[in-house]
Amino acid sequence: MSETASLGRRVLFALAGVTVVAAMAGGAWYGYRAVTSQPVKRVIFAGELDRLSHGDLDALSQAIQAAPAADVTLASVRDAAKRVPWVREATVRRRFPDAVEITFEAHEAVARWNDHQLLNRFGEAFTAAEASELPRLRGPEGSGARMLAEHAALAKTLAPLGALRELRLSARGAWQALLDSGMVLELGR
């Protein structure tokens, strides 16, 4: 057998191998696309559901199920889930063949923020229905975490004078503390 024939056989085997691998990859891609393009028929909720309203969850579920299969991606479901009031974070995974599981992390409100929002324990502002008796914090955008820390320190320090009802921070850095007794303390600049 000549070297030319041996080289020809090796090239033929290599081409056959490449063709088989390409066919398998194409089949796998086709199978993956066929499975992921299945419409969502069930939405499973998990995680912290206590603060989430059943009406909001039903609306989210119906919107996901009514959407065309091509539009239902994990990212789009996550974005929609994060728009539900009280949701801080949402994790989404596909449960084949026809379900999506959404795991929620809810905000824990610790203070009222400015006029229409709440602050969670991380100092993040969010919009949701008003919570029960919470301290009121008013300050510039993005100062929520700083104000939470100051509120905790001031509430402890001012406790002998009365409960700290509201804490304000001006854009120039001046602090104003309002106590339940009606006393107003001006701090800073």
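So is residue 117 more than 29 Å from residue 151 (Cα to Cα) and not hydrophobic (A, V, I, L, M, F, W, C) or not?
no
Would you mention how many residues in the stretch 49-60 are surrounded by 13 or more Cβ atoms within 10 Å (Cβ to Cβ) and of a type outside the set (Gly, Ala, Ser)?
So the answer is 6.
Pick from 105, 101: which is at pLDDT 95 or above and open to solvent by 50 Å² or more (accessible area, probe 1.4 Å)?
Testing whether each residue is at pLDDT 95 or above and open to solvent by 50 Å² or more (accessible area, probe 1.4 Å) leaves just 105.
So residue 9 ticks every box in (1) modelled with pLDDT under 90; (2) under 30 Å from residue 128 (Cβ atoms) but one. Which box is left unticked?
Here residue 9 meets the rest and fails (2).
The rows are residues; the columns are (1) at pLDDT 95 or above; (2) over 23 Å from the mean Cα position of the chain (by Cα).
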| position | (1), (2) |
| --- | --- |
| 4 | no, yes |
| 19 | no, yes |
| 23 | no, yes |
| 26 | no, yes |
| 33 | no, yes |
| 40 | no, no |
| 52 | no, no |
| 66 | no, no |
| 92 | yes, no |
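Where in the stretch 112-189 are the strands (runs of 3 or more DSSP E), entirely inside, with at least 1 residues that are open to solvent by 80 Å² or more (accessible area, probe 1.4 Å) and either at pLDDT 90 or above or under 29 Å from residue 86 (Cα atoms) (or both)?
Of the strands (runs of 3 or more DSSP E) lying wholly inside the stretch 112-189, those with at least 1 residues that are open to solvent by 80 Å² or more (accessible area, probe 1.4 Å) and either at pLDDT 90 or above or under 29 Å from residue 86 (Cα atoms) (or both) span 164-169, 184-187.
Considering only the stretch 66-98, how many residues are open to solvent by less than 30 Å² (accessible area, probe 1.4 Å), within 13 Å of residue 43 (Cβ to Cβ) and in a strand (DSSP E or B)?
Total satisfying the criteria: 2.
Quick check on the stretch 122-132. Is at least one of its residues in contact with a His (Cβ under 6 Å, 6 or more places away or on another chain) and in contact (Cβ under 8 Å) with a residue 24 or more places away in the chain?
Scanning the stretch 122-132 turns up at least one residue that is in contact with a His (Cβ under 6 Å, 6 or more places away or on another chain) and in contact (Cβ under 8 Å) with a residue 24 or more places away in the chain.
Kindly indicate which of 63, 46, 28 is surrounded by 10 or more Cβ atoms within 10 Å (Cβ to Cβ), of a type in the set (Gly, Ala, Ser) and not in a helix (DSSP H, G or I).
Exactly one residue qualifies, and that residue is 46.
The values are calculated or read from the model by the stated rules, or taken from the named source; none is laboratory data. Every value quoted in this text rests on a predicted model; they were computed, and no experiment measured them. Neighbour counts are summed over all protein chains in view; Cβ atoms, including those assigned to glycine, are modelled from backbone coordinates with ideal geometry. For accessibility, only protein heavy atoms count, side chains too; no ligands or nucleic acids. Shrake-Rupley method; radii C 1.70, N 1.55, O 1.52, S 1.80 Å.
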